[in-house]
Amino acid sequence: MEDEIVLRACRISRSFEGITAVQDLSIEVRKGELFGIVGPDGAGKTTTIRILSGILTPSSGEAFVGPFSVLKEPERIKEIIGYMPQRFGLYEDLSVLENMEFYAELYGVPRQTKKERVESLLEFAGLSAFKRRLARDLSGGMKQKLGLACCLIHRPKVLLLDEPTCGVDPLSRAELWRRLADLLKEGVTILVSTPYIDEAERCTRVGLMHKGRFLLVEEPEKMKAIIDLPVLEVVCEDGRRVVQEVGWMEGIWEATVYGDRVHLTLASSELREVVASRLDRAGIRPNAMRFVRPSLEDVFISLARS
Amino acid sequence: MREQETVVEVRGLTKVFGDFVAVSRVDLTIRRGEIFGFLGPNGAGKSTTIKMLCGILPPSSGEGMVAGCDLLKERVEIKRQIGYMSQRFSLYEELSVEENIDFFMGVYNVPRARKRERKEWVLEMAGLKERRKAVTKMLPQGHRQRLALGCAIVHEPSVVFLDEPTSGVDPVMRRRFWGIINELSNEGKTIIVTTHYLDEAEYCNRLALMHEGKIAALGTPSELKHGHKEEVLEIELDRIFEGLSVLASRALAASLFGRTLHVPVKRGTPTSEIIELLRGYGVEVRRVESIPPSLEDVFVSLIEKRR
């Protein structure tokens, strides 16, 4: 039943004090997917996740987790989902083990299975060696993994994670994505939000979110193909001069300097020749010039502008 | 690089807290006009290094100069020569745009004769000329961010420190911000960035990766990627999770990327080896392609190797 829809929102909206956070948003997440909501701060990611978790009611529209409505049966939803907010409620004065036991009791995990489940989750999170350490003495990455382990104590089939990699260093981030892959393997469906566009590449499907709406919902690879976006990379010692020479030209939508490289987003790939001759006339000799795969950030910007 | 003048020069820079060596014998030269990035996991020594370069922390040993000031003897003077902007914009939200600028000009002792000109410069750069009376918290994020930058450099420092300046910012605004940073560097300001995020690191001319108090790698983003001894294979296969387990059992650090696996391998490893390995376990490979490693791939693999 790969196509079974586990999470569904139908035209949900929500505003706070007159400011619209989410507008007319629809989403369908199938069983076994790792769905990413990707967008900047203030795009509406947290509001969407909170509505789907049954914590926040939408101003209009309706959402479901499995067969349950977030409006009518939020309590049933809490039984089948694991929800990790941006600041997960760890008890700083309790040890790793005590935090786990607390959540086991909160979710009514039967006494017989509790010990075994706690042990296996600590193992999963790589925290077995730190059982007695107080939560407040953990690094950011370890806290995040403990939070994840606590969310999994009742074996949820659906996991909603709000910016789990925000403020976490690159190694801990890579580690967290590995743990999510382990969960996918076990058939858990995951909805994750992130402000980092490059992380979209790790998801099976992505909604690019901007100002309360999805700009596009697609598999990351297909996203780049759908949007025909020729990005010309010019490698040159003095990238800024390249921008001065050609950045203002008609048909050049974006000119971004990255150290010794310039990325030019062209209206059409034929403009390459025009760029080349213009640089040549200005006496600029690039070390290399080639078309590169557009990044998801390029895709996002081109959609946000249009 | 046209500018060869050295702005930051440190030798043997070390900071010890008790028996913990936070920064160990760091040598570093940063030229005028460079955009220089520090990357690394938490606890790697990035922020301790920055604090020493800003004159906030005295080094335990080593020596150096920042913006013409001696790191050991002229720490107070250094603070006047630098600007600092943190990821949490340090603006007073309840004050107006103009009041914020006035406040920071007071803090940094901008000479009376320069005040009017500097204020107009900040307003122009932040795109707020028409909104100088607006309460800061009412401004869109992108404008607040540029105002914060303007306030941090209102005293025309020659070195500007940025701490994760665009993390979580709208991509359109982020590019505009980095456009301004590039203009500043073009005018000869030296920019030093600390970040966890490769999308910010890509904007730097040179990067230092810190690990356990030392510089583990140093170079331009392209040098770091091309000089990397590994390449990344993007593999599309049926039964993706079986594939993941097989590769993990061979100590290959495969990661799931959507419907593909990314597998770092030694440069030049024949792809047939991987295909045969997987086929041996009944996993069919549909496509293998070598893709350029991202900065994140480079850093994760460099650091995991050292552990």
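Quick check on A:Gly239: is it within 14 Å of chain B (Cβ to nearest Cβ), in contact with a strand residue (DSSP E or B) (Cβ under 7 Å, 6 or more places away or on another chain) and on the phi > 0 side of the Ramachandran plot?
Criteria not met by A:Gly239.
Go through (1) under 18 Å from the mean Cα position of the chain (by Cα); (2) touching a residue at least 12 places away in the same chain (Cβ under 8 Å); (3) within 14 Å of another protein chain (Cβ to nearest Cβ) for B:Gly43 and report which single condition fails.
Tallying (1) under 18 Å from the mean Cα position of the chain (by Cα); (2) touching a residue at least 12 places away in the same chain (Cβ under 8 Å); (3) within 14 Å of another protein chain (Cβ to nearest Cβ), B:Gly43 fails exactly one: (2).
Would you confirm, using the coordinates I've provided, whether B:Ala201 is small (Gly, Ala, Ser), away from every other protein chain (no Cβ under 13 Å) and under 27 Å from B:Pro41 (Cα atoms)?
no
Checking B:Asn182 against (1) closer than 25 Å to A:Glu199 by Cα; (2) at the interface with another protein chain (Cβ under 8 Å from one of its Cβ atoms); (3) of a type outside the set (Asp, Glu); (4) part of a helix (DSSP H, G or I), which single condition isn't satisfied?
Going through the list (1) closer than 25 Å to A:Glu199 by Cα; (2) at the interface with another protein chain (Cβ under 8 Å from one of its Cβ atoms); (3) of a type outside the set (Asp, Glu); (4) part of a helix (DSSP H, G or I), B:Asn182 breaks only (1).
Would you say A:Met249 is part of a loop (DSSP other than H, G, I, E, B) and either in the same structural domain as A:Val29 (by TED's automatic domain parsing) or more than 23 Å from A:Gly36 (Cβ to Cβ) (or both)?
It is true that A:Met249 is part of a loop (DSSP other than H, G, I, E, B) and either in the same structural domain as A:Val29 (by TED's automatic domain parsing) or more than 23 Å from A:Gly36 (Cβ to Cβ) (or both).
Out of B:Glu276, B:Glu296, B:Glu284, I need the residue that is within 14 Å of chain A (Cβ to nearest Cβ) and either modelled with pLDDT under 85 or on the phi < 0 side of the Ramachandran plot (or both). Which one?
Selected residue: B:Glu296, the only one of B:Glu276, B:Glu296, B:Glu284 that is within 14 Å of chain A (Cβ to nearest Cβ) and either modelled with pLDDT under 85 or on the phi < 0 side of the Ramachandran plot (or both).
State whether one or more residues within segment A:83-93 are over 28 Å from A:Asp41 (Cα atoms) and not in a helix (DSSP H, G or I).
Within segment A:83-93, one or more residues are over 28 Å from A:Asp41 (Cα atoms) and not in a helix (DSSP H, G or I).
Just to verify a result, which residue in segment A:181-198, among those that are more than 8 Å from every other protein chain (Cβ to nearest Cβ) and assigned to a helix (DSSP H, G or I), is farthest from A:Pro85 (Cα to Cα)?
Here the residue is A:Asp182.
Taking the residues in segment A:22-64 that are of a type in the set (A, V, I, L, M, F, W, C), part of a strand (DSSP E or B) and away from chain B (no Cβ under 14 Å) as candidates, determine which candidate is surrounded by the most Cβ atoms within 10 Å (Cβ to Cβ).
Selected residue: A:Val22.
Does B:Gly43 count as closer than 24 Å to B:Gly219 by Cα, touching a helix residue (DSSP H, G or I) at 6+ places or on another chain (Cβ under 7 Å) and not in a strand (DSSP E or B)?
no
The values are calculated or read from the model by the stated rules, or taken from the named source; none is laboratory data. Remember, predicted model here, so these are calculated numbers, not experimental data. FYI the Cβ positions are ideal-geometry reconstructions off the backbone, even for glycines, and counts take in every protein chain you see.
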